[in-house]
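J.: Please find one structure pasted underneath; my questions will follow.
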């Protein structure tokens, strides 16, 4: 005999434990709800798999051999761990069914999302459990990828009617869940005025030839940024060609939080979400660098696949869409 490549049936392990406990083939077969001949074949198959006799059939009741005694605790441990693994797998499945997976751009994950989520939770039916919430905070392009790969149920991002994205409307839909504004801001001088300011005579008309002007240092967004896509669509791909205002890009980053820090350091003017810079405007760390004509209204959008989501996700969507 020898195990070779013989398959192992878990039923044989359970039969082994019952026989080791009862010491009687007939009673063990009855306890396992199978005919005794079939039960005996199971024990024989297990012994062939092990390559040794596991029971001494010359004794009454039958008893474990030395090999059987050595194998018994190992089999008990294997079955216990398999049962625990099955329970954990079921628990993970149930947890996944009620969990929510969000992708959100950095700025919104820090400012808008926590308060918005609390409001949504407060409007859910009494007794409904949100379950665990998973949040991935990244650039807009990376968050789009997560949605396209179906690795997130929802995407929270800024949007603008003039700016398209990679989420096909036939497969994804969105609800506007908030409003924001992109404000041109700069660090302030000692007198509270901006260190870098958009001249009042800058009108937004096409640049005219004439006397050269000092270029305004601008902190701008990289290609992966959703706000950057909005800025390029609304204000032009090159700031210097948008208007009679001369601009020069001095710093580029994907994340509004980093641009905010650079603006506070006096590096230039950045168009930042009002929701992100409210504390800095209140404290004077940042100040408006241009009038309202340079403000860009934007939306806060929540995207989802059109395909059906979990019951919990659908409940959140109904509340969010009506908010």
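The values are calculated or read from the model by the stated rules, or taken from the named source; none is laboratory data. Everything quoted here is computed from the prediction, not taken from an experiment. Neighbour counts run over all protein chains shown; Cβ positions are idealised from the backbone, glycine included.
J.: Restricting attention to segment 293-321, report how many residues are assigned to a helix (DSSP H, G or I) and free of Cβ contacts under 8 Å to residues at least 12 places away in the same chain.
T.: The qualifying residues number 2.
J.: Same structure, new question: When you scan segment 48-66, how many residues do you find that are part of a helix (DSSP H, G or I) and modelled with pLDDT under 95?
T.: Of the residues in that region, 3 qualify.
J.: Right, residue 285: surrounded by fewer than 18 Cβ atoms within 10 Å (Cβ to Cβ) and under 32 Å from the mean Cα position of the chain (by Cα) or not?
T.: No: the conditions fail for residue 285.
J.: Among the residues of segment 139-155, which ones are surrounded by 18 or more Cβ atoms within 10 Å (Cβ to Cβ), more than 11 Å from the chain's Cα centre (by Cα) and within 19 Å of residue 314 (Cα to Cα)?
T.: Correct list: empty.
To keep it simple, each residue is scored yes or no on (1) farther than 19 Å from residue 276 by Cβ; (2) at pLDDT 85 or above.
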site	(1), (2)
148	yes, yes
156	no, yes
177	no, yes
181	no, yes
213	yes, no
239	yes, no
243	yes, no
249	yes, yes
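J.: Yes or no: residue 84 closer than 30 Å to residue 131 by Cα, without any contact (Cβ under 8 Å) to a residue 60 or more places away in the chain and in a helix (DSSP H, G or I)?
T.: Judged against the criteria, residue 84 is a match.
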